[in-house]
1. If you take the Cα atoms of the chain, find Rg, then find the Kirkwood Rh from the mean of 1/r over all pairs, what is Rg/Rh?
2. Add +1 for every Lys or Arg and -1 for every Asp or Glu among the other residues with Cβ under 12 Å from the Cβ of Asp32, and state the total.
3. Of Ile282, Ile349, Ile139, how do they rank once you tally other Cβ atoms within 10 Å and put the fewest first?
4. Using θ = phi - 60° and the Karplus curve 6.51 cos²θ - 1.76 cosθ + 1.60, what whole-Hz ³J(HN,Hα) does each residue of the stretch 183-189 get, with Gly and Pro shown as x?
5. Stick to the Cα atoms of the stretch 120-174, pair each with every other, and give me the Kirkwood hydrodynamic radius in Å at one decimal.
6. Give, as ranges by residue number, the residues of the stretch 241-281 whose backbone N falls under 13 Å from the point 7 Å along Cα→Cβ of Ser64.
7. Place the peptides 362-368, 275-281 in order of packing, highest mean first, counting for every residue the other Cβ atoms within 10 Å and averaging per peptide.
8. Which distance in nm do the two modelled labels at Lys105 and Cys45 give, with both placed 7 Å along the Cα-to-Cβ direction?
Amino acid sequence: MNLLEVYKLWDIEPVKGLDTALWDKDGVEYTDLYGGHAVISIGHCHPHYVEMLSTQLHKLGFYSNAVQNSLQKQLAVKLGKVSGYDDYKLFLCNSGAEANENAIKAASFQTSRERVLAFSKAFHGRTSGAVALTDNPKIQSAFNKGHKVTFVPLNDIEAVKKELAGRQYAAVIIEGIQGVAGIFEPEDGFLKSLRQECDKTGTCLILDEVQSGYGRTGNFFAHQHSGIRADIITTAKGMGNGFPIGGVLLSPAIKAEYGMLGTTFGGNHLACTAALAVLDVIENEHLIENAAKIGEYFKEAFRDDAAIKEYRGRGLMIGLELKEEFIGLRDRLLFEEHFFTGAAGAAVIRLLPSLTISKETAGRFVKSWKKLTSQK
Ligand SMILES: Cc1ncc(COP(=O)(O)O)c(C=O)c1O
């Protein structure tokens, strides 16, 4: 059997990692400023993470959700405390798309409404409801297009007001910071008004923090910079540092009835252990503060950079929009300087490093960037 080809692959195979370093099968070292798409939050193979997962694997890897699992309860308490949402309920699943799928379902159960409002350029995943909320017709099948979804421009509160006025929307879903689109932030004032409009019209506000959450922006969730609270928050990526896990945080006002949501693998012993280890390291190593600090360093280092048309983002969720003549820089950073970065189209380089990144590593990247761009 052959694999279904779904991605354009680089001819590099990482086989070993430690913190922000990766080694390929020929022993060549790379620096990872991409984290496998914002997944690596506490660094590759963090010793505490490896130790906790290895210990749990020797005890019990999995049992179904038909029995008690105190690791789930520990995770709910710890996540509530670290995120500031300690009065919310946690539903555990396996991925970002699945978290969003369950969030929409909970909102629809709550309101008995079917429509969802999403934003232009949004990405919420590839399962049926999540991809219908993703503003990219190329990845939606005819079946997915059957959902009742409207897209309005990001930061356009008048367009939101007009749509919500009829009280027919179950939810508005918005990314804490749009990631796949190329790093676009909802304005603080927009989020505050969005919160008010949702309250006025009985619409659930879902914050998709799958990419922007878990401390990446210098707050636990990106929307917390604006001071608002969401009705439902979804998380995944950084939550397990590579172990698949997703979560839906539901406000106490949401009547999440017994049996409403369910999963076989969600919240299994290994996934909860990975997520607990991640939260330990985030707390013990003050990684949210580090994300804010290194984010400021990058912002300063790239101020007035000759290759950059626009610097976007917060903390360690960064979009560097290149001037036309520098397109192609990402490949040079990888093949000549051995830095993994992300992209959004050809013109935007995305930096989504582990929250453990040191000033020294950030500095090495800036030096390589300046070297390549000055040679142009
Ligand atoms: C904001 C956001 N939501 C949801 C998803 C989907 O997550 P997953 O690939 O784990 O299903 C992604 C993935 O990139 C994302 O960036």
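Only the coordinates and a few stated rules stand behind these numbers; no lab work does. Remember, predicted model here, so these are calculated numbers, not experimental data. Positions of Cβ are generated from backbone atoms using ideal geometry, with glycine treated the same way; all protein chains shown enter the neighbour counts.
1. Numbers: Rg = 20.5 Å, Rh = 21.3 Å.
Expressed as Rg/Rh, it is 0.96.
2. Here the count lands on -2.
3. Ile139, Ile282, Ile349
4. 6, 10, 9, x, 6, 4, x
5. Kirkwood radius, the stretch 120-174: 11.9 Å.
6. 263-266
7. On the way: 362-368: 16.6, 275-281: 23.1.
For the peptides 362-368, 275-281, the packing ranking is 275-281, 362-368.
8. Placing both labels 7 Å beyond Cα along the Cβ direction yields 3.7 nm.
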